Amino acid sequence: MSVDNAELAAELRPVLTRLYLSLRRHTPITEYTAAQASALATLVDHGAMRMGELAERESIRMPTATSLVDGLIRSELVTRRADPTDRRAVVIELTARGHQVLERVRAERDDAVTAALSGLSDDHRAALANATGALKELHKKVEEL
């Protein structure tokens, strides 16, 4: 079966976007903003990192990254410390509270998806299970762009 990549992208992208927005709407987070959530996810996925690397991974400028991290520090979700290999640089890492908040939010969102999945047919659930690997690969390819 031949699939047109442009047509698939045009159909898939809005569905994924709406799914993400629905999850955010049904599981609101008071501890941080969407931009901060992205930075926290980056720290979870890649570990502690320099401010410059965080800015690069988030595709934001350094002043924006600094402001974003300042808010996360005020919420006690991350810490900022001097880089032991270069005192001019700082390293950002999650705090224990940051890990706890992320775990809670992820659990709430997993619960929401679990409830939604229970309303689907066996065929639809099987199709989604089969698509999970492909979606993970798609995510990697988008990250590489």
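The values are calculated or read from the model by the stated rules, or taken from the named source; none is laboratory data. Since this is a predicted model, take the numbers as computed values, not measurements. Note that we place each Cβ from the backbone using ideal geometry, even for glycine, and neighbour counts take in every protein chain shown. Quick note on the areas: whole protein, heavy atoms, side chains included, nothing else; ligands and nucleic acids left out. Shrake-Rupley method; radii C 1.70, N 1.55, O 1.52, S 1.80 Å.
Working only within the stretch 1-23, note down all residues that are part of a helix (DSSP H, G or I), open to solvent by 80 Å² or more (accessible area, probe 1.4 Å) and not acidic (D, E).
Once the filter is applied, which keeps residues that are part of a helix (DSSP H, G or I), open to solvent by 80 Å² or more (accessible area, probe 1.4 Å) and not acidic (D, E), the stretch 1-23 yields N5, L8, R13, V15, R18, L19, Y20.
Just checking, does the stretch 129-143 include any residue being hydroxyl-bearing (S, T, Y) and surrounded by 13 or more Cβ atoms within 10 Å (Cβ to Cβ)? Please lay out each step first, then the result.
Residues of the stretch 129-143 that are hydroxyl-bearing (S, T, Y), as a first pass: 132.
Still in the list and also surrounded by 13 or more Cβ atoms within 10 Å (Cβ to Cβ): none.
Among the residues of the stretch 129-143, not one is hydroxyl-bearing (S, T, Y) and surrounded by 13 or more Cβ atoms within 10 Å (Cβ to Cβ), which makes the answer no.
Look at E93 and say whether it is surrounded by 13 or more Cβ atoms within 10 Å (Cβ to Cβ), among the acidic types (D, E), touching a strand residue (DSSP E or B) at 6+ places or on another chain (Cβ under 8 Å) and over 29 Å from A116 (Cβ atoms). Taking the combined requirement at face value, the residue satisfies it.
When we screen L54, L72 for residues that are open to solvent by less than 90 Å² (accessible area, probe 1.4 Å), over 26 Å from R25 (Cβ atoms) and touching a helix residue (DSSP H, G or I) at 6+ places or on another chain (Cβ under 6 Å), the only hit is L54. Report, by residue number, each residue of the stretch 96-127 that is within 20 Å of the chain's Cα centre (by Cα), open to solvent by 70 Å² or more (accessible area, probe 1.4 Å) and of a type outside the set (S, T, Y). Result: A96, R97, H99, Q100, E103, R104, R106, D110, D111. For the stretch 1-55, a residue qualifies if it is of a type in the set (D, E, K, R) and within 20 Å of A134 (Cβ to Cβ), and the qualifying residues are D4, E7, E11, R13, R18, D45.
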